[in-house]
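One structure is given here, and the rest of the page talks about it.
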Amino acid sequence: MKRKLISNGNPLEDVIGFSRAVQVGPYISVGGTAPVGDDGKTIGIGDVAMQTRRCLEIIKEALEKAGSGLEDVTRTRMMLTRIEDWEKVVKVRAEYFKKIKPVDTVMQVTRFINPEWLIEIEVDAIVQSE
């Protein structure tokens, strides 16, 4: 199966050696997605709901670049710095996935590379064939 690398233009992709997403055949993995704007700055400092929405929009764009979409997502992983924020996070997640219903994991982590980030999200998707 052919391997396709999906970029979102982050300059660190080439420095560190990572992709926003990787597709192999019908399988797509979207790596830890942080709440950053096109300018590289954190979106929604202190607002976990806004950060969650930004992460999901970045993920949606990556999936679309792969010829897929949110409807193909089979798993989400929500990593929070404050587990107490889980209800705010899953409320936003439901806006995107309520009808799709992928499996989900919500977990607390100690911190991210950028202390302004309250959340990172990963997803897996399988492109559905007709």
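The values are calculated or read from the model by the stated rules, or taken from the named source; none is laboratory data. None of these values were measured; they are calculated from a predicted model. Every residue, glycine among them, receives a Cβ derived from its backbone with ideal geometry; neighbour counts consider all protein chains shown. Ligands, DNA and RNA are excluded from the accessible area calculation, which covers all protein heavy atoms including side chains. Shrake-Rupley method; radii C 1.70, N 1.55, O 1.52, S 1.80 Å.
Return the only residue of ILE121, ILE100, ILE113 being β-branched (Val, Ile, Thr), within 11 Å of THR52 (Cβ to Cβ) and not in a helix (DSSP H, G or I).
Only one candidate passes the filter, namely ILE121.
Yes or no, residue by residue, for (1) open to solvent by 60 Å² or more (accessible area, probe 1.4 Å); (2) over 14 Å from the mean Cα position of the chain (by Cα); (3) of a type in the set (S, T, N, Q):
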| site | (1), (2), (3) |
| --- | --- |
| GLN23 | no, yes, yes |
| GLY31 | no, no, no |
| THR42 | no, yes, yes |
| ILE45 | yes, yes, no |
| THR52 | no, no, yes |
| CYS55 | no, no, no |
| ASP72 | no, no, no |
| TRP86 | yes, yes, no |
| VAL90 | no, no, no |
* Structure fact -> The one condition ILE6 fails out of (1) without any contact (Cβ under 8 Å) to a residue 60 or more places away in the chain; (2) buried (at least 16 other Cβ atoms within 10 Å of the Cβ) is (1)
* To do: Keeping to the stretch 27-45, report how many residues are on the phi > 0 side of the Ramachandran plot and of a type in the set (Phe, Trp, Tyr).
  => 0
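State all residues of the stretch 11-51 that are in contact with a Lys or Arg (Cβ under 7 Å, 6 or more places away or on another chain) and closer than 14 Å to GLU120 by Cβ; if no residue qualifies, say none.
Listed by number, the residues that qualify are VAL30, GLY31, PRO35, ILE43, GLY44, VAL48.
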* Asked: Is it fair to say PRO115 is modelled with pLDDT of 95 or more and either small (Gly, Ala, Ser) or surrounded by 15 or more Cβ atoms within 10 Å (Cβ to Cβ) (or both)?
  -> no
* Check GLN128, GLN108 and return the single one that is of a type in the set (S, T, N, Q), open to solvent by 70 Å² or more (accessible area, probe 1.4 Å) and in contact (Cβ under 8 Å) with a residue 40 or more places away in the chain. => GLN128
* **Filter result for LYS60 (under 11 Å from the mean Cα position of the chain (by Cα), of a type in the set (D, E, K, R) and more than 14 Å from ALA34 (Cβ to Cβ))** => yes
* Which residue pairs have Cβ atoms under 7 Å apart, sit 6 or more places apart or on different chains, and have a first residue in the stretch 39-56 that is farther than 20 Å from ASN10 by Cα and a second that is β-branched (Val, Ile, Thr) and assigned to a helix (DSSP H, G or I)? -> VAL48/VAL89; ALA49/VAL92
